[in-house]
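*Asks:* The structure's right below; bear with me while I get my questions together.
Readers should treat all values here as calculations from the given coordinates under stated rules, not as data from a laboratory. Note that the structure is a prediction, hence the values are computed from the model and not measured.
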């Protein structure tokens, strides 16, 4: 709300989210998960604010929507990768990052191959909007809780990454199954 009252552009807010998210990743990797968690939280709040600023200041653009999406993937990849490679095995880290990216990238593929119904102020109403049960908010919540527990229980981030990897994979399979059931019929030409 405060940012919407200033003259800051939504893309500047998105850039601030990228910077704080990237700093969070570095702090996680350097072994400071509690500080990293608070920076990740700040990045998440800024990510919510950029759209609010764009809509309320009538500065929404198609570029801004794409930039916001790319910023999310940048932060997700760096934070998840940094946490996973620092606090779990390499294979779990790889599995967590790959499943998270596939879980995300299935949406633009669905847009391209299936299409979408409508667009409202930069947001696409897509066939996967309510499909999948473990996404970015759940991942950030698990990371935040695991990070806060870390000083008391050093395995919390390792278990948190394993949980994220498994739940994201199951959510991805839910999306694939949904798409198969809804769109798996042979083309009729």
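*Asks:* Cut-off 10 angstrom, C-alpha nodes, Gaussian network model of the chain. Which of 34, 97, 55 fluctuates the most?
*Replies:* 55
*Asks:* Then there is this: Which whole-number percent is the relative contact order of the chain (Cα, under 8 Å, 6+ apart)? Before the final figure, lay out each step's value.
*Replies:* Numbers: 218 pairs, mean separation 42.9, N = 189.
For the chain, the relative contact order is 23 percent.
*Asks:* Can I ask one more? Would you mind computing Rg(Cα) / (2.2 N^0.38 Å) for the chain, counting N as its residues? Display every interim value, and only then the final one.
*Replies:* Working: Rg = 17.7 Å, N = 189, 2.2 N^0.38 = 16.1 Å.
Expressed relative to 2.2 N^0.38 Å, the Cα Rg reads 1.10.
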